[in-house]
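K.L.:
Dumping the structure here so I can ask a few things about it.
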Number of protein chains: 2
Amino acid sequence: MASQPHTHQEDRLARRKVRPGPLEDRSAAILRAIIEEYVATAQPVGSVALVEKYALSISPATVRNIMAELETADLLGHPHTSAGRVPTDRGYRMYVESISDQLSLAPVEQLMIRHQFGQVEFANEQWFRLAASTLASATRAAAIATPIKPQACRIRRIDIVPTAERSASLLLVMADGPVKQVLLNLEREYTQAELDEIAHGVDRVLRAKTTPEVDAVLDTLRERPGSVDALFTQAVERVSRLMHEFDAASVEEVFSEGLLNVMREPEFERSERLRRVFNVLQDRAYLGDLVQRLAGSDDVSVFIGSENEHEEMSDVSLVVAPYGRRDRAIGVVGVVGPTRMAYPHAISTVRYVRGLMNELVDHLYT
Amino acid sequence: MASQPHTHQEDRLARRKVRPGPLEDRSAAILRAIIEEYVATAQPVGSVALVEKYALSISPATVRNIMAELETADLLGHPHTSAGRVPTDRGYRMYVESISDQLSLAPVEQLMIRHQFGQVEFANEQWFRLAASTLASATRAAAIATPIKPQACRIRRIDIVPTAERSASLLLVMADGPVKQVLLNLEREYTQAELDEIAHGVDRVLRAKTTPEVDAVLDTLRERPGSVDALFTQAVERVSRLMHEFDAASVEEVFSEGLLNVMREPEFERSERLRRVFNVLQDRAYLGDLVQRLAGSDDVSVFIGSENEHEEMSDVSLVVAPYGRRDRAIGVVGVVGPTRMAYPHAISTVRYVRGLMNELVDHLYT
DNA sequence: GTTAGCACTCCCAGGGCAGGAGTGCTAACC
DNA sequence: GGTTAGCACTCCTGCCCTGGGAGTGCTAAC
C-alpha cells in the first residue's frame with residue numbers, strides 16, 4: 001500500500017470512470033437540493049439541515065458521502081473544512097443542464113409581464129428600456145437589453161428640419177427602426193422652400209440605399225463640385241458618416257436596469273465587485289461579441305461565473321438570449337446576477353420576454 | 001460657581017455673540033486646512049498632523065483651542081472623544097461660501113474639457129451624455145445631465161415613415177431640438193403616395209402649434225368623423241398624447257456617468273449607501289424639482305449633505321447648475337459625490353462645462 | 001450500501017489587554 | 001490677553017485567547 005499510493009480520492013475517481021455520464025438520480029437530487037438551498041440562503045449548506053429541510057429519507061451521513069463524491073467531481077466546494085457545501089460553477093452548470101429544457105414561466109407571471117409590456121406606446125427607444133426594466137423587476141436581478149440592430153443598414157427616409165436661423169437637424173430613418181439625428185451647419189440663410197427642396201432631393205437620391213451605395217453617391221458629388229448646393233453635399237457626407245458609425249458598432253447601446261436589485265445581494269455588499277462587473281457591462285465591445293456569438297443560437301444561453309470570457313465576470317452569471325430576426329436584425333436581452341442565482345426562474349423569464357420581443361418585432365417589421 | 005452653572009462652553013458662546021459674523025482669518029484658515037486635509041485623506045484630522053503638514057506658525061495646542069471653538073460653532077465634528085476633527089455640513093458650507101466666487105478652472109483643464117467636447121458631432125442625444133461623461137472624468141466623481149427641455153413645446157415638423165406593410169413611424173420634431181418617434185397602426189395598406197399626403201397634411205395642420213392648439217385641432221377632427229382618413233386622426237391623437245407627456249415631465253431623462261468613480265470612495269465601500277443615492281437620482285420627480293428651483297439661478301448651486309431635501313441624500317453633495325435659456329428651455333448638469341468632496345474643483349468644473357453648454361445652446365438655437 | 005458515533009477542524013463572537021492617537025484642561029509664559 | 005508646554009484621560013484599534021458551535025470525515029457496526 002505504501003509503494004502504491006492509492007488514496008480514497010483515487011478510488012472514487014476510478015469508480016466515476018467506471019460509471020461516467022450523468023449523475024445517479026439520488027446524487028442529482030442532492031445537488032439540486034443543495035443548490036436551491038444555497039440560492040435561497042446564501043449560506044453554505046450542511047448535511048443535517050439539508051435532510052431536515054427537504055425531508056430526505058436518508059441519513060445525514062449518507063448525504064455526506066454523496067456530498068464528498070460531488071465534491072471530487074468538482075460540483076461542490078468547501079469554503080473551509082468545517083463549513084457546509086457550496087456549489088461550484090460546474091455544479092451550477094450541471095443543474096442548469098438538467099432543467100433548462102422544459103421550463104416555462106408560471107401563468108401569473110406571464111400575465112404580469114405581458115401587462116407591463118402592454119403599457120407603453122412603442123416609441124422606439126422606450127422599448128428596450130422597458131424590456132430591461134420588466135426583466136429586472138420580474139427576476140429581481142439586474143437586466144440588460146440592447147436595441148435591435150440591423151446587420152446592414154438601409155435608408156428609409158431623410159428629412160431636414162430647421163432648428164434656428166443658421167442651423168438645421170438632419171433626420172435619418174433606417175430600415176428596421178432606428179432614427180438618427182445630426183446637426184447641419186448652414187453657411188448662409190436658407191428659406192423654408194429651399195430647405196424642403198434640398199431635403200427632398202437628398203431623400204430621393206439616398207432612399208433605400210445601403211452604406212456603400214451612399215458612398216458611391218458621395219463620390220460622384222465630389223467629382224462634380226458645385227453641381228448641387230453645398231448643403232446637399234454636407235447632408236450626404238453626414239449621412240455617410242452616420243451609417244459607417246452605425247455599421248461599425250456591433251452594439252449601439254446597452255440599457256441596464258435593476259442594478260439596485262443586485263446591490264442587495266450579499267455577494268455585492270462591498271462595492272468593489274460591483275464596480276468590476278459594471279465596468280465590463282458598460283463595455284460595448286464585450287456585449288458586441290456576445291451578440292455575435294448568440295446570433296446563431298435559438299434559445300436562452302447561460303454563462304456561469306468562470307465560463308464568462310472576462311475574468312472580471314468570474315463571479316457573476318449571465319442569462320441571455322438574442323431576439324429579432326436572425327441574419328437581419330438582432331438584439332440581446334438578459335439578466336445579470338451573482339452565480340448564486342435562481343436559474344430556473346431567470347431562464348424561463350428571459351425566455352418569455354425574448355418571446356414577447358420576437359412577437360413584437362415580427363408584428364412591426366413584416 | 002455651583003449655584004450658577006456656567007461652563008466654558010457657555011463662555012465661548014457668549015464670546016461668539018459679542019463678535020458675530022464671519023470667522024476670524026486664522027480660524028477660517030484652520031477650517032480650510034482641516035477640510036482640505038480631510039477631503040484628501042478621508043481621515044479625521046488631528047492638531048499635530050495639521051500643524052506639521054501645513055507648516056502653521058502656531059502650536060498644536062492653539063490649533064486645538066481654535067478647533068474647539070469651531071466645534072461649538074457646529075463647523076467641525078468629532079467621531080469620538082479621542083479622534084481628530086471632521087467637517088460638518090455647515091463647515092463645508094462656510095468653506096464653500098468663502099471660495100465660490102472667484103473660482104475659475106485651470107487653463108489646462110479647460111483645454112482638456114473643450115477638447116473632449118469638440119469630439120462629437122452634435123447628434124442630439126449624444127450631447128448630454130457627453131457632458132455628463134466629460135464632467136465625470138474631469139472631477140473623478142459621478143456626474144448627471146438632463147437634456148435641455150423647452151418650457152412649452154411647439155411642433156416644428158411631423159413626418160410619417162413606413163416601417164413595414166402594416167406599420168409606420170411617426171416622427172415629431174419639436175422646437176429646440178427633441179425628436180420623438182412613435183409607431184402607428186395601419187388598418188389597411190397604404191401606398192407611399194397616400195402616406196406622404198397624410199404626413200404632409202398633418203404637418204401642415206400642426207406645424208408650429210403648441211399643445212393646446214393641437215388639442216383644438218383634435219377636437220374639430222372628432223366633431224367631424226370621416227372628414228379625413230382614420231390614419232390622419234390617429235396621427236394627431238398620437239401627437240397630442242406625446243406632447244402632453246412631454247409637457248408633464250419636468251425632466252425627460254437623466255444621464256448619469258462615472259458612478260464607478262464614486263464607488264471608489266471609502267464612503268461608498270458598502271453598497272447600501274450607494275443604493276439609496278441611486279434611488280433618488282433615478283427619480284425624475286426629484287430632479288424635476290431641482291430644475292424648477294435652479295431655473296432662476298444664474299450660477300452653480302451647491303447642496304451639501306443635509307441641505308438636500310431627501311433624507312437619503314443626507315450624506316452626499318450636489319454641485320449643479322442650470323444651462324440653456326432661462327424661461328425658454330433649460331436643463332441641468334452637475335456632479336454628485338460624498339460630502340467630503342473637492343468643492344473648489346467641482347464648482348469650477350461644473351461652471352466651466354455649463355458655460356460651454358450655454359455657448360452651444362446659443363449657437364444652435366439662435 | 002447505509003447509518004450511528006465520535007474525534008477533529010475551523011469559524012466566529014466576545015472579553016481582555018496593550019498601544020497609540022488625539023483631545024481638553026491647567027498652569028506657566030510672553 | 002493670547003499662546004504654549006505638559007499631562008491626564010478617553011476611546012479606538014488590533015491582538016490574542018478562549019469557548020461554543022456547526023459541520024465534516026472516518027470508522028465500525030448494521
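The values are calculated or read from the model by the stated rules, or taken from the named source; none is laboratory data. Remember, predicted model here, so these are calculated numbers, not experimental data. Methodologically, a virtual Cβ is constructed for each residue, glycine included, from the backbone with ideal geometry; neighbour enumeration extends over all protein chains shown.
K.L.:
Testing A:R325 on (1) surrounded by fewer than 18 Cβ atoms within 10 Å (Cβ to Cβ); (2) under 22 Å from A:L111 (Cα atoms), one condition comes back false. Which one is that?
P.N.:
Here A:R325 meets the rest and fails (2).
K.L.:
OK, next. Within the set of pairs 6+ apart or on separate chains, which have a first residue in the stretch B:37-57 that is more than 13 Å from DNA strand C (Cβ to nearest atom), a second that is part of a helix (DSSP H, G or I), and C-beta atoms under 6 Å apart?
P.N.:
Pairs found: B:Y54/B:A33.
K.L.:
Taking the residues in the stretch B:255-278 that are assigned to a helix (DSSP H, G or I) and within 7 Å of chain A (Cβ to nearest Cβ) as candidates, determine which candidate is nearest to B:P338 (Cα to Cα).
P.N.:
Checking each candidate, the answer is B:F268.
K.L.:
Here is a follow-up. Condition check: of a type in the set (K, R) and surrounded by fewer than 16 Cβ atoms within 10 Å (Cβ to Cβ). Does B:R114 satisfy that?
P.N.:
Details: of a type in the set (K, R): yes; surrounded by fewer than 16 Cβ atoms within 10 Å (Cβ to Cβ): yes.
Judged against the criteria, B:R114 is a match.
K.L.:
Looking at (1) among the basic types (K, R); (2) away from DNA strand D (no atom under 16 Å from the Cβ); (3) more than 24 Å from the chain's Cα centre (by Cα), which is the only condition B:R90 fails?
P.N.:
All conditions are met except number (3).
K.L.:
Restricting to the stretch B:290-342, give me the number of residues that are in a loop (DSSP other than H, G, I, E, B), touching a residue at least 24 places away in the same chain (Cβ under 8 Å) and either of a type in the set (S, T, Y) or in contact with a Leu (Cβ under 7 Å, 6 or more places away or on another chain) (or both).
P.N.:
2
K.L.:
Right, something else. What number of residues within the stretch A:79-108 are closer than 25 Å to A:S314 by Cα and either surrounded by 20 or more Cβ atoms within 10 Å (Cβ to Cβ) or in contact (Cβ under 8 Å) with a residue 24 or more places away in the chain (or both)?
P.N.:
17
K.L.:
Please determine whether any residue of the stretch B:286-304 is closer than 24 Å to B:V39 by Cα, more than 12 Å from the chain's Cα centre (by Cα) and at pLDDT 90 or above. I'd like the intermediate steps shown before the answer.
P.N.:
Of the stretch B:286-304, the ones closer than 24 Å to B:V39 by Cα are B:299-304.
Next cut, more than 12 Å from the chain's Cα centre (by Cα) only: B:299, B:304.
Among the residues that remain, those that are also at pLDDT 90 or above are: B:304.
For the stretch B:286-304, residues closer than 24 Å to B:V39 by Cα, more than 12 Å from the chain's Cα centre (by Cα) and at pLDDT 90 or above: present.
K.L.:
With (1) within 30 Å of A:G46 (Cβ to Cβ); (2) not in a loop (DSSP other than H, G, I, E, B) as the list, and A:V108 as the residue in question, which single condition is left unmet?
P.N.:
Only one criterion in (1) within 30 Å of A:G46 (Cβ to Cβ); (2) not in a loop (DSSP other than H, G, I, E, B) is unmet by A:V108, namely (1).
K.L.:
On the basis of being at the interface with chain B (Cβ under 10 Å from one of its Cβ atoms), of a type in the set (A, V, I, L, M) and farther than 22 Å from B:E165 by Cα, does A:V173 make the cut?
P.N.:
no
K.L.:
Sticking with this structure for a sec: When you look at A:S133, is it under 21 Å from the mean Cα position of the chain (by Cα), within 14 Å of chain B (Cβ to nearest Cβ) and more than 30 Å from B:V173 (Cβ to Cβ), yes or no?
P.N.:
no
K.L.:
A follow-up question, please. Pull up the stretch B:56-82, narrow it to residues that are over 11 Å from B:S27 (Cβ atoms) and away from DNA strand D (no atom under 13 Å from the Cβ), then point me to the one that is nearest to the other protein chains (Cβ to nearest Cβ).
P.N.:
So, considering only residues that are over 11 Å from B:S27 (Cβ atoms) and away from DNA strand D (no atom under 13 Å from the Cβ), the one nearest to the other protein chains (Cβ to nearest Cβ) is B:G77.
K.L.:
For the stretch B:141-155, check the following and say yes or no: at least one residue is more than 30 Å from B:M313 (Cα to Cα) and facing chain A (nearest Cβ under 10 Å).
P.N.:
no
K.L.:
Another question about this same structure. Here are the criteria: (1) facing chain B (nearest Cβ under 9 Å); (2) in contact with a helix residue (DSSP H, G or I) (Cβ under 6 Å, 6 or more places away or on another chain); (3) of a type outside the set (S, T, N, Q). Tell me which single one A:V161 does not satisfy.
P.N.:
(2)
K.L.:
Another question, if that's okay. Among the residues of the stretch A:74-102, which ones are within 16 Å of DNA strand C (Cβ to nearest atom) and part of a loop (DSSP other than H, G, I, E, B)? If you could, list the steps in order and put the result at the bottom.
P.N.:
We begin by selecting, within the stretch A:74-102, every residue within 16 Å of DNA strand C (Cβ to nearest atom); these are A:77-86.
Within the stretch A:74-102, A:H78, A:P79, A:H80, A:T81, A:S82, A:A83, A:G84 meet the criteria.
K.L.:
Right, B:L75: surrounded by 15 or more Cβ atoms within 10 Å (Cβ to Cβ), at pLDDT 90 or above and farther than 30 Å from A:V173 by Cβ or not? Steps first, please.
P.N.:
Working: surrounded by 15 or more Cβ atoms within 10 Å (Cβ to Cβ): yes; at pLDDT 90 or above: yes; farther than 30 Å from A:V173 by Cβ: yes.
Answer is yes for this residue.
K.L.:
Looking at A:V228, is it in contact (Cβ under 8 Å) with a residue 24 or more places away in the chain, away from chain B (no Cβ under 11 Å) and over 19 Å from A:A145 (Cα atoms)?
P.N.:
So A:V228 fits the description; yes.
K.L.:
A further question follows. Just to be sure, is A:Q126 within 14 Å of another protein chain (Cβ to nearest Cβ), without any contact (Cβ under 8 Å) to a residue 24 or more places away in the chain and buried (at least 18 other Cβ atoms within 10 Å of the Cβ)?
P.N.:
Against the criterion (within 14 Å of another protein chain (Cβ to nearest Cβ), without any contact (Cβ under 8 Å) to a residue 24 or more places away in the chain and buried (at least 18 other Cβ atoms within 10 Å of the Cβ)), A:Q126 does not qualify.
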